[in-house]
């Protein structure tokens, strides 16, 4: 059986600048410039979200966004404070915080490029 030690997902956008600000400035994720058209944002030491400028990657940007990144907050983080922080920074909130027996507390936002992003606080 093979093992893997890193995971990246690539999301395709028509305009990277507002999306880069969301992942870098609002979420505070470390940024790595892979190329002029691809930027990576590290969610954890071995997990990254790559943002790709339309026309420069394997796939085109599209209006349909069939992928939903899900980020789990660290155990010491307050999901209610984080929710308020995102809302106060003008992020489009798609749901209130909901409690799920399977996952804990969960809410959804829309990033500036139209992708739905889920945030989870495990209980």
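Bear in mind these aren't lab numbers, they're just calculated from the coordinates by the rules spelled out. Treat the numbers as computed from the prediction; the structure is a model and nothing was measured. Positions of Cβ are generated from backbone atoms using ideal geometry, with glycine treated the same way; all protein chains shown enter the neighbour counts.
Once Rg/Rh (Cα atoms, Kirkwood Rh) is worked out from the coordinates, which option in [x] 1.16; [y] 0.97; [z] 1.28 does it equal?
Answer by label: [y].
If a paramagnetic tag sat 7 Å from the Cα of residue 123 along the Cα-Cβ line, which residues of the range 83-97 would have the backbone N under 13 Å from that point?
97
How high is the relative contact order of the range 1-54, given as a whole-number percent (alpha carbon pairs under 8 Å, six or more residues apart)?
Values: 78 pairs, mean separation 24.2, N = 54.
Value for the range 1-54: 45 percent.
For the chain, find the longest principal axis of its Cα atoms and tell me its angle to the long axis of helix 79-88, 0 to 90°, nearest 10.
Its long axis makes an angle of about 60 degrees.
Determine the gain in length on full extension of the stretch residue 26-residue 38; use 0.36 nm per residue of separation and subtract their C-alpha separation, reporting nm with one decimal.
Numbers: separation 12, 0.36 × 12 = 4.32 nm, distance 1.89 nm.
Taking 0.36 nm per residue and subtracting the Cα distance, the gain is 2.4 nm.
Go ahead and estimate [θ] at 222 nm for the chain from helices alone: -39,500 (n - 2.57) per DSSP H run with n ≥ 4, summed, over the residue count, rounded to 500.
On the way: 2 runs with 16 residues, N = 123.
Counting only the DSSP helices, I get -3500 deg cm²/dmol.
Arranged by the count of other C-beta atoms within 10 angstrom, fewest first, what order do 68, 93, 1 take? Intermediate values should be presented prior to the final figure.
Details: 68 10, 93 14, 1 2.
Sorted ascending by nearby Cβ count, the order is 1, 68, 93.
Which whole-number percent gives the relative contact order of the chain, counting Cα pairs below 8 Å spaced six or more residues apart? Numbers along the way, then the final one.
On the way: 204 pairs, mean separation 29.8, N = 123.
For the chain, the relative contact order is 24 percent.
Using a Förster distance of 25 Å, how high is the FRET efficiency between residue 4 and residue 58, based on the Cβ-Cβ distance and rounded to 0.05? Spell out each step's value before the answer.
On the way: r = 20 Å, r/R0 = 0.78.
The pair residue 4/residue 58 has a calculated efficiency of 0.80.
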